[in-house]
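Chemist: Please read through the structure below; I'll follow up with questions.
The values are calculated or read from the model by the stated rules, or taken from the named source; none is laboratory data. Note that the structure is predicted; figures quoted are calculated from it, not measured. Neighbour counts run over all protein chains shown; Cβ positions are idealised from the backbone, glycine included. When the accessible area is computed, the model is the full protein with side chains, heavy atoms only, and any ligands, DNA or RNA have been set aside. Shrake-Rupley method; radii C 1.70, N 1.55, O 1.52, S 1.80 Å.
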Amino acid sequence: MGVVMPKLRFPDGDVWEIKKGTLASEVVRRLSERLLKEALCVRVDGVLQDLNAPIETDSDSPLEFYVITERDAEALSVLRHSSSHIMADAVARIFGRDKVKLAIGPSIEEGFYYDFDLPHSLSTDDLPKIEKEMEKIIAENLPFTMERMKKSDAYALFKSLEQTYKLELLDEIEDEMVTVYRHGEFVDLCRGPHIPSTGRLKYFKLLSVAGAYWRGDEKRQMLVRIYGTAFFKKEELDSYLKKLEEAKARDHRVLGKQLDYFSFNPDIGPGLVLWHPKGGMLRHIIENFWKEEHFKRGYQLVYTPHIASEQIYKTSGHLEKYSEFLYAPMEIEGVAYRLKPMNCPGHIAIYKSKKRSYRELPIRYAELGTVYRFERSGVLAGLLRVRGFTQDDAHIFCTQEQLGDEVLSVIRLSDFMMKSFGFKYKIFLATRPEKYIGTDEVWERATNALKEALERFGAQYEIDPGGGVYYGPKIDIKMEDALERLWQGPTIQVDFNLPERFDVNYVSPDGKEKRVVMVHRTVLGSMERFLGVLLEHYGGLLPLWLAPVQAIVLPVKSEQNDYAREIAQQLSDHHLRVLVNERNDTLPAKVRDAELEKIPYILIVGEREKAENLVSVRRKTKGQLGRLSVEELLKIMLEEEREKK
Ligand SMILES: [Zn+2]
Ligand SMILES: [Zn+2]
């Protein structure tokens, strides 16, 4: 057999023959010197590889050759991953190459990180120093070079460098050959690709320091993780950093504390929310609104217990499929019980408590059901990721023929909810995944039912191919907040699995038992996550109808305390939520407190207001409304509350 000359096919259709082992950069240079300056790496037959690496193939057919520049979607993650090498090198230069043990350094959605084992801890105060060192490495414009070597050689190399984490990673690689990357003195075990040289990184910023367990396993070593980000353009970096600042100002964890809505307590346990009175009031308002809207739409409210015999989760398949999310069993009179991870089995049990006729369908059971799922402490995040949360859950039991109408009405309800709370949203239709149960025909019918419902509703939606759950297709609605971030909101999930497993039927007109169709759905998601997103969306400045305290009356002097209480009472009589601040503070201090608490209406009553039977009204977002009678004030407030704006 002769030596195969690799052939390259370019996007314009040209085919070149090249010598085996030719560097990708040589090929790009022949295309154009200018392109070489812009090139970050290349894509050869769908695989990204370095400019500095040779093109190898044993195949006779031409390889698709494409030059990646910063205009390509893949470019940013290559830049960011390369940045993680540069950062790791900087850390090694500062703290001593022999003292810094390298773990892993991937690019992530908004940047990159690297995990280190360091002789001492780090804080954000250390970041400027590391950034400065990175600038030096960038100025040196060191080329990234790749070396393909035998795994045993790589093992010897990293052993001599005492990089023990790399040895563990090597142990898990099955290939005989691995790639090792260097720039300057920095060596890393990596698949690549990288930018051609360190000088190609221009706009970056280190963002934060966190602890992270090696391999995400809390039984292993705690490592130091440094997060950073990088962009090709300064404007992009600047606007990202600005967005981060805005997000920080809206962080629901900070707001939750400042507004006294909720807290976490290490003695209670991580990921378990304590709702304080004001947060409790906010939940109450939302839950009442939610219930009323469900009653209007033919839902029935049910309650199911927080623990249940393990048997039911065997039948449902949760024990088998989701065991990692379930808490350990507790034994009660010799029977294993579990904390409830999902509400569905309870609702099915209610449905099955008697024989159901087609005349009763659809049946819609709604429950604000609190469920418990295990999450590693490392991934818990305020209200957004918790260990116990309340789903605004409902299950619809219907016939195949009713499915379309039912889905349509859930889409309408979701739309109504999103609009009521001031969210824009995006809809995704998640279709059949690779692994699934049920026949193709049933899947197609259900997917079409979802599609038709979306089209009847007249909504734009995107297909999320293969994004469905193994037991049925679903509609995901992502709510968009004020910073244009998308959050998981309503979901509508068709299920072929549980009706089979639990043998859930109805008696059809011909007297025969037929399998029911089941829909799981939430229209907010979970109360915890929804409230977290809501707080960030409004930056804590909730619309009047949601504000736990809608108005506060501030007497200028204690002589006006009685009058202040009178005003408050008149507003309370109309179900407005009002407080009086009778503390012995100065008026400016009381106003400042009220503003910090983000109370929508500040009502000031002094001697003159009392004499004329008026209140001075200040609306948080609108400024001074002047001196009004209680009747005028009531009219304004009640109308604003009704409009939900
Ligand atoms: Zn790398
Ligand atoms: Zn369910």
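Matching residues to (1) open to solvent by 70 Å² or more (accessible area, probe 1.4 Å); (2) without any contact (Cβ under 8 Å) to a residue 60 or more places away in the chain; (3) under 20 Å from Phe231 (Cα atoms):
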position	(1), (2), (3)
Ile18	no, yes, no
Arg30	yes, yes, no
Leu35	no, yes, yes
Ala53	no, no, no
Ser59	no, yes, no
Val67	no, yes, yes
Glu70	yes, no, yes
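Chemist: Something else about it: Taking Ala212 and the conditions (1) open to solvent by less than 30 Å² (accessible area, probe 1.4 Å); (2) at pLDDT 95 or above, which numbered condition does it fall short on, given that it satisfies the others?
Modeler: The failed condition is (2).
Chemist: Output the residue which, of all residues in segment 77-94 that are open to solvent by less than 10 Å² (accessible area, probe 1.4 Å) and within 9 Å of ligand 1 (Cβ to nearest atom), is nearest to the chain's Cα centre (by Cα).
Modeler: Taking the candidates together, the pick is Ser84.
Chemist: Asp115: within 15 Å of ligand 1 (Cβ to nearest atom), among the acidic types (Asp, Glu) and farther than 30 Å from Leu31 by Cα, yes or no? Quick ask: steps written out before the conclusion?
Modeler: Details: within 15 Å of ligand 1 (Cβ to nearest atom): yes; among the acidic types (Asp, Glu): yes; farther than 30 Å from Leu31 by Cα: yes.
Yes, satisfied.
Chemist: Which one is surrounded by the most Cβ atoms within 10 Å (Cβ to Cβ), of the residues in segment 608-645 that are in contact (Cβ under 8 Å) with a residue 40 or more places away in the chain and not charged (D, E, K, R)?
Modeler: Only one residue fits best here, namely Val615.
Chemist: Could I ask something else about it? I'm trying to understand the selection: among the residues of segment 324-369, which are within 13 Å of ligand 2 (Cβ to nearest atom) and over 18 Å from Pro305 (Cα atoms)?
Modeler: Arg364
Chemist: Taking the condition at pLDDT below 95 and more than 12 Å from Leu282 (Cα to Cα), does Leu498 pass?
Modeler: It is true that Leu498 is at pLDDT below 95 and more than 12 Å from Leu282 (Cα to Cα).
Chemist: Is it the case, given these coordinates, that Leu122 is of a type in the set (A, V, I, L, M, F, W, C), outside the structural domain of Lys205 (by TED's automatic domain parsing) and either in a loop (DSSP other than H, G, I, E, B) or within 16 Å of ligand 2 (Cβ to nearest atom) (or both)? Even if it seems obvious, please write down each step before you answer.
Modeler: On the way: of a type in the set (A, V, I, L, M, F, W, C): yes; outside the structural domain of Lys205 (by TED's automatic domain parsing): no; either in a loop (DSSP other than H, G, I, E, B) or within 16 Å of ligand 2 (Cβ to nearest atom) (or both): yes.
Against the criterion (of a type in the set (A, V, I, L, M, F, W, C), outside the structural domain of Lys205 (by TED's automatic domain parsing) and either in a loop (DSSP other than H, G, I, E, B) or within 16 Å of ligand 2 (Cβ to nearest atom) (or both)), Leu122 does not qualify.
Chemist: Quick one: which residue in Ser239, Ser263, Ser197 is over 27 Å from Glu38 (Cα atoms) and either away from ligand 2 (no atom under 16 Å from the Cβ) or at pLDDT below 90 (or both)? Walk me through how you get there before you give the answer.
Modeler: Numbers: Ser239 fails: over 27 Å from Glu38 (Cα atoms); Ser197 fails: over 27 Å from Glu38 (Cα atoms).
Going through Ser239, Ser263, Ser197 in turn, just one is over 27 Å from Glu38 (Cα atoms) and either away from ligand 2 (no atom under 16 Å from the Cβ) or at pLDDT below 90 (or both): Ser263.
Chemist: With (1) open to solvent by less than 60 Å² (accessible area, probe 1.4 Å); (2) under 30 Å from Glu246 (Cβ atoms) as the list, and Arg592 as the residue in question, which single condition is left unmet?
Modeler: Condition (1) is where Arg592 drops out.
Chemist: Here's a check for you: in segment 469-492, which residue that is open to solvent by 10 Å² or more (accessible area, probe 1.4 Å) and under 13 Å from Pro433 (Cβ atoms) is farthest from ligand 2 (Cβ to nearest atom)?
Modeler: Only one residue tops the list, namely Tyr470.
Chemist: How many residues does segment 518-546 contain that are acidic (Asp, Glu) and within 16 Å of ligand 2 (Cβ to nearest atom)? Spell out how you get there, then give the answer.
Modeler: Taking segment 518-546 and keeping what is acidic (Asp, Glu), we get 528, 536.
Restricting the remaining residues to those that are within 16 Å of ligand 2 (Cβ to nearest atom) gives none.
Within segment 518-546, residues that are acidic (Asp, Glu) and within 16 Å of ligand 2 (Cβ to nearest atom) number 0.
Chemist: Give Gly317, Gly378 a once-over and let me know the one that is within 16 Å of ligand 2 (Cβ to nearest atom) and either of a type outside the set (Asp, Glu) or touching a strand residue (DSSP E or B) at 6+ places or on another chain (Cβ under 6 Å) (or both). Talk me through it step by step, then tell me what you get.
Modeler: On the way: Gly378 fails: within 16 Å of ligand 2 (Cβ to nearest atom).
None of the others qualify; the one that does is Gly317.
Chemist: For segment 592-613, enumerate the residues that are farther than 13 Å from Lys557 by Cα and more than 36 Å from the chain's Cα centre (by Cα). Reasoning before the result, please.
Modeler: Looking only at segment 592-613, we keep the residues that are farther than 13 Å from Lys557 by Cα, and these are 592-603, 611-613.
Leu603, Ala611, Glu612, Asn613, listed by residue number.
Residues checked against (1) of a type outside the set (D, E, K, R); (2) in a helix (DSSP H, G or I); (3) surrounded by 14 or more Cβ atoms within 10 Å (Cβ to Cβ):
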residue: Lys243; (1), (2), (3): no, yes, yes
residue: Ile268; (1), (2), (3): yes, no, no
residue: Gly271; (1), (2), (3): yes, no, yes
residue: Arg283; (1), (2), (3): no, yes, yes
residue: Ile286; (1), (2), (3): yes, yes, yes
residue: Trp290; (1), (2), (3): yes, yes, yes
residue: Tyr327; (1), (2), (3): yes, no, yes
